[in-house]
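Remarks on the structure that follows.
The values are calculated or read from the model by the stated rules, or taken from the named source; none is laboratory data. This structure is a prediction, so every number in the text was calculated from the model and none was measured. FYI the Cβ positions are ideal-geometry reconstructions off the backbone, even for glycines, and counts take in every protein chain you see. We work out accessible area using only protein heavy atoms, side chains counted, and drop any ligands, DNA or RNA first. Shrake-Rupley method; radii C 1.70, N 1.55, O 1.52, S 1.80 Å.
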Amino acid sequence: MGIDFIIAAIITVVGLTTPILLAGLGELVVEKSGVLNLGVEGMMLMGAISGFAVTVFTFNPWFGVLGAAAGGALASLLFAVLVLQLNSNQVATGLALTIFGTGLSSLMGLSFTGRIVVPFLSVFPDSLAKHEYLQLIFGYSPIVYFALIMVPLTTWFLKSTRAGLILRAVGENDLSAHSIGYSVIKVRYAAIAFGGAMAGIGGCYFSMVITPMWAEKMTAGRGWIALALVVFAGWRTGRLLAGAYFFGILMALELYAKASGFSFLPSQFWAAMPYAMTVVALSFISSRGTAGANAPACLGKPFLPST
Amino acid sequence: MASPARLELTGITKRFPGVLANDNVGFSVKPGEIHALLGENGAGKSTLVKMIYGIMQPDAGEIRWDGQRINVANPKAARKLGIGMVFQHFSLFEAMTVLENIALGMDAKIPARDLESRILAVMGQYGLKLEPHRIVSTLSVGERQRIEIVRALLLNPKLLIMDEPTSVLTPQEVEQLFTVLRKLAQEGCSILYISHKLHEIKALCDTATILRGGKLVDTCDPAVETSRSMAEKMIGSSLKDISRVAGRAFGATKLAVQALSLAADGPFGTALSDISFNVRAGELFGVAGVAGNGQNALLLALSGEATNADPASVTVDGVAVGHMQARARRGHGVASVPEERNGHAAVPIFTLADNAVLTARDRLGMVRAGLIDAKAARTYAGEVIEAFAVKATGPSAMAESLSGGNLQKYIMGREILQKPQVLVVSQPTWGVDAGAAAAIHQALVDLAATGSAIVVISQDLDELLSLCDTMAVINGGRLSRPMAVAEAKIDEIGLLMGGIHGEAAHAH
């Protein structure tokens with residue numbers, strides 16, 4: 001096992017981690033505001049097709065990423081209207097959003113099937129981006145750096161800003177926040193839109209970086225992993241980063257198992273690993289009895305002020 | 001009058017559909033005066049202060065502030081005038097720190113560091129002890145209240161409204177609170193103090209305004225009045241004492257709890273450790289303590305909602321029932337009334353008759369061949385309504401349609417009329433008006449007189465002292481040595497409630 005192999009493996013892991021890290025960070029903020037949006041998969045697919053389509057028309061991947069954010073956010077706002085304005089059940093609405101996003105993205109993608117865009121790769125000069133060792137630092141798509149910057153930014157926002165404090169307050173006790181005079185609905189709209197945009201950007205990583213083309217259901221269930229990741233991380237950003245890389249390594253194992261033909265176990269076993277580990281991790285966390293301690297107290301409950 | 005009153009209300013009227021909550025109420029509060037607002041539940045105290053604090057608008061009448069006629073549009077406007085309010089039910093965020101909670105309640109945006117130094121200054125000035133970086137869920141109720149008080153004091157209020165502030169405090173905490181309030185009043189801050197605890201009002205307040213059924217009954221000087229005379233004005237009739245046979249002898253031990261331990265239920269629960277006590281036939285056994293010290297766990301462990309691996313941890317009439325579920329324990333004569341009326345003791349969207357079936361089906365044979373005997377259920381629900389003077393449209397009324405006090409009377413009645421050998425009740429008169437509370441107390445005393453053993457878990461020390469024969473204090477999941485109420489010292493009980501175990505507690 002040479003050094004080249006290790007470098008290639010690390011780059012693979014980073015690539016696999018980025019989408020779930022982005023979507024997970026977005027969902028973490030949404031859940032911190034007290035809303036459970038199970039539509040991450042749908043929003044990622046909407047982001048994937050929107051980002052791809054904008055890139056095809058504008059030939060500019062930066063606009064593509066903005067388009068992906070807009071596509072994810074628009075899909076999430078549909079969810080927001082149903083859940084916040086009409087007090088529909090968050091679980092059912094979130095599931096519906098996944099189904100809707102899957103279907104609508106396929107419909108939108110019909111005319112884009114078979115087209116390719118220039119992959120949105122490193123913007124650093126080749127002397128850095130393709131350098132034998134320095135590519136470990138400079139060889140990624142700008143989306144990767146964006147995801148990594150968003151981790152401390154989200155932490156700072158939630159912990160140290162007044163807006164973050166209000167967002168957590170709304171998720172912790174919506175009625176108290178309302179009685180003090182904060183607008184629970186507005187805060188949640190903003191959080192849901194942010195979650196949608198982040199999921200959208202995570203989704204476009206598939207259609208613009210990994211395989212620079214559109215395919216139906218190309219996010220392959222990663223939205224569900226992002227959801228599990230939030231619980232796995234106990235609603236903490238630092239642990240979300242660690243968890244995302246943990247899952248990233250598991251997913252890379254599947255690829256390498258296929259490629260190098262690990263024969264003692266079928267590759268389906270490795271493919272199932274991230275999902276199996278999700279179940280194991282969740283069972284472990286809940287058996288310690290502390291899973292609920294950091295969960296936002298109003299998570300998943302509709303906001304029904306009495307006055 | 002040299003200077004105008006700080007707050008003057010005249011002719012305040014507020015009407016809700018079907019109810020006149022405030023009918024032409026007027027009184028005034030001078031600067032630096034501690035003014036009590038007295039009345040039973042539903043007398044209109046809360047509605048009145050909500051109008052002062054801008055949560056509601058009066059239909060008629062006027063509010064004057066320092067002589068100026070004002071409209072308080074919302075709580076923000078009230079705070080701007082210098083009106084602060086400490087609510088009975090705190091609006092706190094459990095998983096956040098003290099500092100974050102206070103920051104959320106401030107209208108002005110103050111940087112965290114400045115806010116912290118201002119909080120420390122206010123706490124130092126009034127002797128309020130709080131650690132700004134503690135998480136609220138780890139704090140006692142008294143400490144939580146201090147957060148609300150600090151939050152109000154940071155606004156330099158000219159009028160502080162306190163809504164039933166002492167209902168959850170230990171006697172020592174009450175004394176500390178009074179010291180703070182007296183200091184505030186000396187500095188010229190007026191205080192509007194809502195309570196139904198008359199001895200506190202006598203100890204603290206300069207003036208008392210008494211409301212009954214939304215109308216002003218009297219404004220009097222609590223120093224001149226007796227507790228009894230104020231209570232009678234409050235309920236509008238003469239007060240009935242609990243009647244009981246003097247010098248009762250207790251029978252054999254009915255309920256024996258031996259080395260009972262229970263793991264904590266959830267991250268904010270309290271574990272029970274090594275609890276032992278006996279309750280004899282005819283005895284009323286009180287468990288005092290500040291909320292959140294294991295009262296809920298104790299009720300669950302006794303009722304059978306939480307079972308124990310050791311059958312002998314709970315015995316009823318010599319039968320070990322510690323391992324049995326609630327239904328099996330009911331078979332052995334154990335009945336219970338949990339603290340939460342809606343959702344625990346009763347299903348809100350079930351009728352009263354259906355709610356009767358839930359706990360009385362086995363003892364009273366309401367199920368035949370697997371089918372509910374609806375007629376038996378209705379008859380029994382009717383008996384309970386009749387015997388306990390429950391205000392309801394009948395056995396088919398939904399539980400949620402009853403007021404808190406009436407539902408509580410119904411639930412107590414549902415258990416008591418099953419003639420349990422052992423009855424465990426938690427907070428039997430929480431949020432219940434004085435008339436209903438007296439009826440519930442009398443029913444408990446009467447049940448004890450028939451030879452049942454009764455455990456009363458309550459945060460209301462006055463209730464336990466007037467009702468029980470024996471009492472113990474629960475703190476941090478441990479139960480103190482039982483003591484005869486006749487010999488109990490308030491100071492010692494207070495220390496036990498605060499977690500300080502004196503010599504006497506260690507002796508056994």
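Bridgeable lysines around B:LYS50 (alpha carbons under 21 Å apart, same-chain partners fewer than 8 residues away excluded): B:LYS14, B:LYS30, B:LYS76, B:LYS80, B:LYS158, B:LYS197, B:LYS215. Karplus-derived 3J(HN,Hα) values for the range B:299-313, using 6.51 cos²θ - 1.76 cosθ + 1.60 with θ = phi - 60°, are 4, 5, 5, 7, 6, x, 5, 10, 9, 10, 5, 8, x, 7, 5 Hz; glycine and proline are entered as x.
Phi angles of the range B:220-231 translate, via the Karplus equation with coefficients 6.51, -1.76, 1.60 and θ = phi - 60°, into HN-Hα couplings of 9, 9, x, 5, 8, 6, 9, 4, 5, 5, 5, 4 Hz per residue; Gly and Pro are given as x.
Could you work out the mean count of beta carbons from other protein chains within 10 Å of each residue's beta carbon in B:81-91? Please list the in-between numbers first.
Numbers: counts 0, 0, 0, 0, 0, 0, 2, 0, 3, 1, 8.
If you average over the peptide's residues, the count of other-chain Cβ atoms is 1.
Taking amide H as placed 1.01 Å from N in the peptide plane, the amide H of B:VAL217 sits under 5 Å from that of B:ILE210, B:LEU211, B:ARG212, each at least 5 places away or on another chain. Rounded to the nearest whole Hz, the Karplus-based 3J(HN,Hα) values (6.51 cos²θ - 1.76 cosθ + 1.60, θ = phi - 60°) of the range A:227-242 follow the sequence 5, 5, 4, 5, 5, 3, 7, x, 6, 10, 5, x, 5, 5, 4, 4, with x at glycine and proline.
Go ahead and run the numbers for FRET between A:ILE99 and B:ASP310, Cβ-Cβ distance against an R0 of 45 Å, rounding to 0.05. Walk me through the numbers on the way to the answer.
Values: r = 51 Å, r/R0 = 1.14.
Efficiency computed from Cβ-Cβ geometry: 0.30.
Lysine pairs in chain A whose alpha-carbon atoms fall under 22 angstrom of each other, counting only those eight or more residues apart or on distinct chains, come to 6. Rounded to the nearest 10 degrees, the angle from helix A:3-32 to the longest Cα principal axis of chain A is 10 degrees.
For chain A, the fraction of 1.4 Å probe accessible surface lying on carbon and sulfur atoms is 73 percent.
Cα centroids of the range B:408-432 and the range A:226-277: 54 Å apart. Counting Cβ atoms of other protein chains within 10 Å of each Cβ in A:171-182 and taking the mean gives 5. For the protein assembly as shown, the antiparallel share of DSSP beta bridges with both residues in that region comes to about 50%. In the complete set of protein chains, residue-level accessible area for A:ILE7 is approximately 10 Å², probe 1.4 angstrom.
Go through B:TRP430, B:TRP65 and list them by solvent-accessible area, largest first, probe radius 1.4 Å. If you can, show how the numbers build up before the last one.
Numbers: B:TRP430 90, B:TRP65 15 Å².
The ranking, largest first, comes out as B:TRP430, B:TRP65.
Once the Cα-Cα distance is subtracted from the 0.36 nm per residue extended length, the B:LYS215 to B:ARG327 segment shows a gain of 35.6 nm. Rounded to the nearest 20, the size of the Cβ-charge dipole of the protein assembly as shown about its Cα centre is 1080 debye, with Lys and Arg at +1 and Asp and Glu at -1.
Set the Förster radius R0 to 60 Å, insert the Cβ-Cβ distance between B:THR450 and A:ALA259 as r into 1/(1 + (r/R0)^6), and round the FRET efficiency to 0.05. Step by step, r from the Cβ atoms, then E = 0.15. Under 5 Å between amide hydrogens, built in the peptide plane, is the criterion, and for B:LYS254 it picks out B:VAL279, B:ARG280, B:ALA281 among residues at least 5 positions away or on other chains.
Shown is the FRET efficiency for A:ILE137 and A:LEU304, computed with R0 = 41 Å from the Cβ-Cβ distance and rounded to the nearest 0.05: 0.25.
To the nearest ten degrees, helix B:404-416 and the longest principal axis of the Cα atoms of chain B are 20 degrees apart.
Buried accessible surface for the A/B pair, both sides summed and rounded to the nearest 100, is 1300 Å² with a 1.4 Å probe. What is the list of residues in the range A:214-239 whose amide nitrogen lies under 12 Å from a point 7 angstrom out from the Cα of A:ALA276, following Cα to Cβ? No residues fall inside that zone. Listed peptides A:144-150, B:67-73 appear in the order A:144-150, B:67-73 once ranked by packing, highest mean of other Cβ atoms within 10 Å at the front.
For chain B, which whole-number percentage of the solvent-accessible area (1.4 Å probe, protein heavy atoms only) is attributable to carbon and sulfur atoms? Mind showing how you got there, number by number?
Values: 11360 of 21540 Å².
C and S atoms contribute 53 percent here.
Note on A:GLU216: accessible area approximately 110 square angstrom, rounded to 10, probe 1.4 Å, nucleic acids and ligands left out. The accessible-area loss of the range B:98-119 on complex formation, taken against its chain alone with a 1.4 Å probe, reaches 20 Å² or more at B:GLU100, B:ALA103, B:LEU104, B:LYS109.
Close amide H contacts of B:ARG478 (hydrogens built in the peptide plane, cut-off under 5 Å, sequence separation of 5 or more or a different chain): B:SER273. On a per residue basis, the range A:3-291 carries 42 Å² of accessible surface, using protein heavy atoms and a 1.4 Å probe.
Relative to the longest principal axis of the Cα atoms of chain B, helix B:112-126 runs at roughly 80 degrees. Of the whole protein surface, B:VAL224 contributes about 110 Å² of accessible area at a 1.4 Å probe radius. For the pair B:SER227 and B:VAL347, label points projected 7 Å from Cα toward Cβ lie 4.3 nm apart. A simple spin-label model places pseudo-atoms 7 Å from Cα toward Cβ; at B:ALA263 and A:LYS159 they are separated by 3.2 nm.
Once you reduce the range B:259-334 and the range A:56-131 to the center of their Cα atoms, the two points are 56 Å from each other.
Put a dot 7 Å past the Cα of B:ASP362, heading toward its Cβ, do the same for A:ILE149, and the two dots end up 6.6 nm apart.
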